[in-house]
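The values are calculated or read from the model by the stated rules, or taken from the named source; none is laboratory data. Predicted model, so just to flag it, every value in this text is computed and none were measured. We place every Cβ from the backbone using ideal geometry, glycine too, and count neighbours over all the protein chains shown.
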Amino acid sequence: MINEIKQDAEERMGKSVESLRGELSKLRAGRAHPNLLEQVSVDYYGNLTPLNQVANVNATDSRTLTVVPWEKSMVQPIEKAIMEADLGLNPATAGTIIRIPLPPLTEERRRDLVRVVKHEGESAKVAIRNIRRDANSDFKELLKEKEISEDEEHGAIDDVQSLTDRYVAEVDQTIQAKEADLMEI
């Protein structure tokens, strides 16, 4: 019973860290990466469809993304969707190819992105602490039901605390790496 609760807590904490990494990968660090356009949705015959399902997205060099729609009629809707995505990008169309030059990040924009990174990191830490709280309340419930002893409860709480410390440290490392990446010129 205790091991199941600890295992569940560890899985959920791991997912929180992975979610943070996913969110941080969407923040651009001055280099072109197809993931920058991951959240862009295009109006495809009346349905909002992810961009990668209607076009190929590639990074041609470190400062340029190239979008090649699978249908010629999709060039205008894709260009419009990229502009409306509020990513600060200005696509340029050349026939059926959409090129997106990435402007270099200003110092002010880098600092804003670092603030966003810290906020995302703090949210991940809060999620991890909430998971710890849930696990601890489960242990207290088991103690109340007299399914475990007080010693087992204390040991389990200590184990979950060490899990929490480990995953919070992982979040801190992830944040520091992303900050260093953003502030690199």
So which residues in the range 43-80 are among the aliphatic types (A, V, I, L, M), under 16 Å from Thr96 (Cα atoms) and over 20 Å from the mean Cα position of the chain (by Cα)?
Val54, Ala55, Leu65, Val67, Val68, Met74, Val75, Ile78
Where the second residue is at pLDDT 90 or above and of a type in the set (Phe, Trp, Tyr) and the first is assigned to a helix (DSSP H, G or I) and lies in the range 1-30, which pairs have Cβ atoms under 9 Å and are six or more apart or on separate chains?
Ile2/Phe139; Ile5/Phe139; Glu10/Tyr167; Met13/Tyr167; Gly14/Tyr167; Ser16/Tyr167; Val17/Tyr167
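Conditions tested, residue by residue: (1) at pLDDT 85 or above; (2) touching a Lys or Arg at 6+ places or on another chain (Cβ under 7 Å); (3) within 30 Å of Gln173 (Cα to Cα); (4) part of a helix (DSSP H, G or I).
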residue: Leu89; (1), (2), (3), (4): no, no, yes, no
residue: Leu113; (1), (2), (3), (4): no, no, yes, yes
residue: Gly121; (1), (2), (3), (4): yes, no, yes, yes
residue: Ala127; (1), (2), (3), (4): yes, no, yes, yes
residue: Arg132; (1), (2), (3), (4): yes, no, yes, yes
residue: Leu142; (1), (2), (3), (4): yes, no, no, yes
residue: Lys146; (1), (2), (3), (4): yes, no, no, no
residue: Asp151; (1), (2), (3), (4): yes, no, no, yes
With the requirement that a residue be among the small types (Gly, Ala, Ser) and at negative phi, what does the range 9-41 give you?
Ala9, Gly14, Ser16, Ser19, Gly22, Ser25, Ala29, Ala32, Ser41
Are there any pairs with C-beta distances below 8 angstrom linking a residue in the range 95-113 that is under 21 Å from Val57 (Cβ atoms) and outside the structural domain of Thr66 (by TED's automatic domain parsing) to a residue that is among the aromatic types (Phe, Trp, Tyr) and buried (at least 17 other Cβ atoms within 10 Å of the Cβ), with the two at least 6 apart or on different chains, and if so which?
none
Any chance Arg99 is of a type in the set (D, E, K, R) and either out of contact with any strand residue (DSSP E or B) (no Cβ under 9 Å at 6 or more places or on another chain) or within 24 Å of Glu184 (Cβ to Cβ) (or both)
no
Tally of residues being aliphatic (A, V, I, L, M) and over 30 Å from Lys118 (Cβ atoms) across the range 25-81:
9
Just one of Asp158, Asp181, Asp138 is out of contact with any helix residue (DSSP H, G or I) (no Cβ under 8 Å at 6 or more places or on another chain) and surrounded by 13 or more Cβ atoms within 10 Å (Cβ to Cβ); which is it?
Asp181
